[in-house]
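Take a look at the structure set out below.
The values are calculated or read from the model by the stated rules, or taken from the named source; none is laboratory data. Since this is a predicted model, take the numbers as computed values, not measurements. A quick note on method: Cβ atoms are made from the backbone with ideal geometry, for glycine too, and the neighbour counts reach across all protein chains shown. Surface accessibility is based on the protein's heavy atoms, side chains included, excluding ligands, DNA and RNA. Shrake-Rupley method; radii C 1.70, N 1.55, O 1.52, S 1.80 Å.
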Amino acid sequence: MGIYSIVDSRAYNSLNMVVNEFNQSIPKKSFRNQQVELDGQKLGLEKMKASYKTINKWMGRIYIFRWNFSIKDCKPTQDITISLKYSGDILSKRKSKPSFTSNQNDYLSAILNKDEDILSICQKNDFEKLTLSYSKKDNMWTIEVWPNYGDFIWILIPPIRYCRRPNQTEIEMTIQLFKKIGQYISRSEVSNVGMKQ
């Protein structure tokens, strides 16, 4: 077994460890193809999974933790992409506020931008990535979230191996965010996103 096979194995042990923290609300179904398949039924979410995006570095690897899930919706008439824009207070000299931008003139991004709970969660968690993409062909929203917990870092020289579990507050805020996104998309008045006026 090569060195990277050993590192991959340790990384996916860390992936399972992070996902286990959410087991009460998002139970695990299976582990295959280097990703954990989850049961998001309690939150109204489909095709839920947790996985790593692997980035090769000189003498090391970084595994970026990410959530993916889907929500069925037949009402929008066109493809839509909504993205969270936020650089984080650490990188900014001024206090910035998270906001959602869209490639369409849709209602969902406007509603997300008015929800102070969601904006507060995004600010406190400082997500590296949060996107909501609608495919008219599949009649499906796909949501991808890269939180600031769960990443696995391995460096050979100097020897470093690191993975941070989410704390209880982060777990609760993550669940709240997922639940709210699901509720907004499922509500009929919000599902008019992208519909012709």
remark   = Selection over the range 74-91 where residues are surrounded by 17 or more Cβ atoms within 10 Å (Cβ to Cβ) and touching a residue at least 60 places away in the same chain (Cβ under 8 Å) yields a count of 2
ask   = Given the residues Lys42, Lys47, which is the only one that is outside any strand (DSSP E or B) and out of contact with any helix residue (DSSP H, G or I) (no Cβ under 7 Å at 6 or more places or on another chain)?
value = Lys42
ask   = What is the number of the single condition among (1) touching a Phe, Trp or Tyr at 6+ places or on another chain (Cβ under 9 Å); (2) exposed (fewer than 14 other Cβ atoms within 10 Å of the Cβ) that Phe69 does not meet?
value = (2)
inquiry  = So, Ile64, is that one within 16 Å of Met140 (Cα to Cα), surrounded by 12 or more Cβ atoms within 10 Å (Cβ to Cβ), within 18 Å of the chain's Cα centre (by Cα) and touching a residue at least 24 places away in the same chain (Cβ under 8 Å) or not?
reply    = no
ask   = What residue, of Asn23, Asn113, is assigned to a loop (DSSP other than H, G, I, E, B), under 18 Å from the mean Cα position of the chain (by Cα) and over 22 Å from Val7 (Cβ atoms)?
value = Asn23
ask   = Before we move on, is Glu37 within 16 Å of the chain's Cα centre (by Cα), of a type in the set (Asp, Glu) and either surrounded by fewer than 15 Cβ atoms within 10 Å (Cβ to Cβ) or within 20 Å of Thr131 (Cβ to Cβ) (or both)?
value = no
query = Pairs under 7 Å by beta carbon, first residue under 15 Å from Tyr149 (Cα atoms) in the range 12-27, partner small (Gly, Ala, Ser), six or more apart or different chains?
reply = Leu15/Ala50; Val18/Gly150; Val19/Ala50
inquiry  = Going residue by residue through the range 133-151, is there one that turns out to be assigned to a helix (DSSP H, G or I), crowded, with 17+ Cβ neighbours inside 10 Å and aliphatic (A, V, I, L, M)?
reply    = no
inquiry  = Pull out all pairs, ordered by first then second residue, where Cβ-Cβ is under 8 Å, the residues are six or more apart or on different chains, the first lies in the range 154-178 and is acidic (Asp, Glu), and the second is at pLDDT below 85 and open to solvent by 70 Å² or more (accessible area, probe 1.4 Å).
reply    = none
note = With the first residue restricted to the range 97-111 and required to be surrounded by 22 or more Cβ atoms within 10 Å (Cβ to Cβ), and the second required to be at pLDDT 90 or above and assigned to a loop (DSSP other than H, G, I, E, B), Cβ contacts under 6 Å at 6 or more apart or on different chains are none
